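A short worksheet on the structure shown next.
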Amino acid sequence: MIDFWTYKNELKIYKNIYFELYKKTLNSGQIFFGNNLEKFEKNFIKKNNAKFGIAVGSGTDALLISLMSLDIKKGDEVITAANTAIPTISAIVNSGAIPKLVDVNQDSLIDINLIEKTITKRTRAIIPVHLYGKPCQMDKLVRLSKRYNIHLIEDCAQAQGAKFKNKFVGTFGSMGCFSFYPTKILGGYGDGGFILTNNFKLYNKIKKIRFYGIDTSDKKNKFFKKYYANINGVNSRLDEINSALLNFKLTKLNSFINKRRKIAKIYDHELKNTSLQLPKKNTNTFDVFHLYTVEHSKRSKIRKILSNRGIETRIIYPYPIHKMKAYKNFFKDKKFINSEIKSKKIFSLPLYPELETNKVLLICKELKKILNNV
Ligand SMILES: Cc1ncc(COP(=O)(O)O)c(C=O)c1O
């Protein structure tokens with residue numbers, strides 16, 4: 001059986017280190033807001049060449065809190081890609097904004113040429129999604145956001161360590177939002193997220209929002225008010241145990257990414273002359289392959305045979321946002337053709353750093369056999 005994803009292979013390698021970190025953290029007497037969080041925040045900011053950053057409870061929270069920091073008002077609009085993950089949209093809706101969708105290109109990323117006609121006087125932000133670990137063309141997006149004076153919030157949940165023109169994603173816009181959900185490029189053992197920003201004002205505000213709206217910047221001051229909310233906030237914390245594990249895993253991030261890219265290269269090479277549509281590579285990008293997503297019109301047949309042969313694949317994502325019950329009222333009569341077509345053809349192959357080369361080659365061999373007969 002080849003799992004689509006499992007943490008068990010990784011655990012085998014790092015188990016002793018993780019147990020040591022667990023033990024040390026439990027003995028430290030700190031559960032939240034301790035040394036591990038402080039270290040991890042510092043290292044994560046440094047790793048991404050950003051100025052400021054705040055760890056939060058999840059990638060969804062990172063998006064929601066970023067939007068909350070912009071003081072969204074009723075009727076404000078936020079634009080994102082029609083094929084994104086549910087949490088991008090739920091964050092927009094929960095912030096009080098109206099979600100506006102833009103269709104995607106052949107590369108599965110937001111079609112930048114279509115954004116302009118979606119911008120209105122009420123547009124407050126654009127959330128480009130670096131889906132599958134593939135960076136959007138950030139120079140064009142930055143120009144657009146400056147021209148219309150709207151915020152750019154990058155959804156980097158699937159793209160930790162990816163670069164556009166040698167600059168890390170998450171550092172182009174007002175904020176970059178990350179997820180440490182276990183399957184992600186930098187995956188924790190539980191939920192977690194991060195917001196990067198180069199804006200000191202936004203940083204201070206986000207820090208308050210993460211912790212019930214309390215201002216903790218001057219805790220040592222005798223006038224510090226412990227249970228006093230300055231603004232409306234939420235509770236979104238990254239705990240000490242997860243911070244310790246993530247801080248360790250951050251030191252391995254480059255090697256995780258290199259391994260992912262190596263596996264993607266094997267898939268590229270082995271599957272290039274088949275009827276599968278392989279991931280489209282853009283110029284000026286350093287892709288990190290959170291997912292290796294291919295397309296085929298006979299997807300269900302191919303996946304079924306693969307599954308019978310012990311190879312698990314997944315569809316990420318099978319339903320475009322505007323087709324879901326929770327959101328379709330926002331997009332009456334709207335069509336996002338590429339997203340709809342892709343949702344019927346895409347499926348992702350197993351790809352994680354510990355997946356052995358012989359297994360990747362076996363997947364390719366089986367796939368080629370199947371493709372010759374469908
Ligand atoms: C594109 C995208 N945005 C946001 C999120 C939300 O992250 P989390 O699961 O950490 O809340 C995810 C994770 O599934 C994602 O893939």
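The values are calculated or read from the model by the stated rules, or taken from the named source; none is laboratory data. Here the structure is a predicted model, which means the values were calculated and not measured. No Cβ is skipped: glycine too gets one built from the backbone with ideal geometry, and neighbour counts run over all protein chains shown. These area figures cover heavy atoms from the full protein model, side chains too; ligands, DNA and RNA do not enter into them. Shrake-Rupley method; radii C 1.70, N 1.55, O 1.52, S 1.80 Å.
Ellipsoid semi-axes for segment 180-285, based on the Cα gyration tensor and the rule √(5λ), read 42, 16, 12 Å when sorted largest first.
Summed over the residues of the chain and divided among them, the accessible surface reaches 49 Å² per residue at a probe radius of 1.4 Å.
At 1.4 Å probe size, with no ligands or nucleic acids counted, give the accessible surface of D239 in Å², nearest ten. Result for D239: roughly 50 Å² accessible. Each residue, K121 and N27, gets one label point 7 Å from its Cα in the Cβ direction; the gap between the two is 6.4 nm. Each distinct pair of alpha carbons in segment 92-215 adds a 1/r term; the inverse of their mean, the Kirkwood radius, is 15.4 Å. Once you reduce segment 163-217 and segment 314-355 to the center of their Cα atoms, the two points are 25 Å from each other.
Stretching the chain fully between I341 and L361 yields a gain of 4.3 nm (0.36 nm per residue, less the alpha carbon separation).
Taking all protein chains together and rolling a 1.4 Å probe, K272 ends up with roughly 110 Å² accessible. Partner lysines whose Cα lies under 16 Å from the Cα of K334, excluding those fewer than 8 positions away in the same chain, are identified as K100, K117, K323, K325. With all protein chains in place and a 1.4 Å probe, the accessible surface of the chain carries 50 percent carbon and sulfur. Phi angles across segment 63-78 convert, under the Karplus curve 6.51 cos²θ - 1.76 cosθ + 1.60 with θ = phi - 60°, into 3J(HN,Hα) values of 5, 4, 5, 4, 5, 4, 5, 8, 6, 4, 10, 3, x, 5, 10, 10 Hz, Gly and Pro given as x.
The alpha carbons of segment 78-134 give a radius of gyration and a Dmax of 10.9, 31 Å, in that order.
For segment 344-356, the Karplus equation 6.51 cos²θ - 1.76 cosθ + 1.60, evaluated at θ = phi - 60°, returns couplings of 8, 10, 7, 7, 10, 8, x, 7, 8, x, 8, 6, 5 Hz by residue, with Gly and Pro reported as x.
Projecting the Cα positions of P87, P99, N48 onto the charge dipole of segment 29-140 (unit charges on Cβ atoms of Lys, Arg, Asp and Glu, taken about the Cα centre) puts N48 furthest along the positive direction. The share of alpha-carbon pairs in segment 8-54 lying farther apart than 17 Å comes to 51%. Note on exposure: E356, E10, E270 ranked by accessible area (1.4 Å probe, complete protein assembly) read E356, E270, E10, with the most exposed listed first. A Cβ-based charge dipole, computed about the Cα centre of the chain with Lys and Arg at +1 and Asp and Glu at -1, lands at about 300 debye. Mean projected area of the convex hull spanned by the Cα atoms of segment 332-374, taken over all viewing directions: 4.9 nm². Of the whole protein surface, V93 contributes about 50 Å² of accessible area at a 1.4 Å probe radius.
Loop only per DSSP, at most 11 neighbouring Cβ atoms within 10 Å: give me the trypsin sites (Lys or Arg not before Pro) in segment 48-79, ordered by residue number. The qualifying sites are K73, K74. For the residue pairs K73/K335; K46/K163; K165/K262; K39/K225; K281/K335, the alpha carbons lie more than 18 Å apart in K73/K335; K165/K262; K39/K225; K281/K335. Here segment 21-134 is treated as an ellipsoid with the same Cα gyration tensor; its semi-axes, largest first and in whole Å, are 33, 17, 12.
Taking all Cα pairs closer than 8 Å and separated by 6 or more residues, the relative contact order of the chain comes to 22 percent. Look at where the Cα atoms of segment 242-305 and of segment 92-158 average out, and the two centres are 23 Å apart.
What the pair-distance distribution of the chain shows, using all Cα-Cα distances binned every 20 Å from zero, is 28, 56, 15, 0 percent. Ordered by solvent-accessible area of protein heavy atoms (1.4 Å probe), largest first, the residues M138, M1 come out as M1, M138. In this structure the amide hydrogen of G57, modeled in the peptide plane, comes within under 5 Å of the amide hydrogens of G193, R237, none closer than 5 places in sequence on its chain.
Annotation: aspartates and glutamates with alpha-carbon distance below 14 angstrom to K369 (same-chain offsets under eight excluded): E270. Among rounded, prolate and oblate, which fits segment 238-374 when a ≥ b ≥ c are the square roots of the eigenvalues of its C-alpha gyration tensor, a/c under 1.5 means rounded, and a/b larger than b/c means prolate? It comes out oblate by the Cα gyration axes. Sorting I311, I305 on solvent-accessible area from highest to lowest, probe radius 1.4 Å, gives I305, I311.
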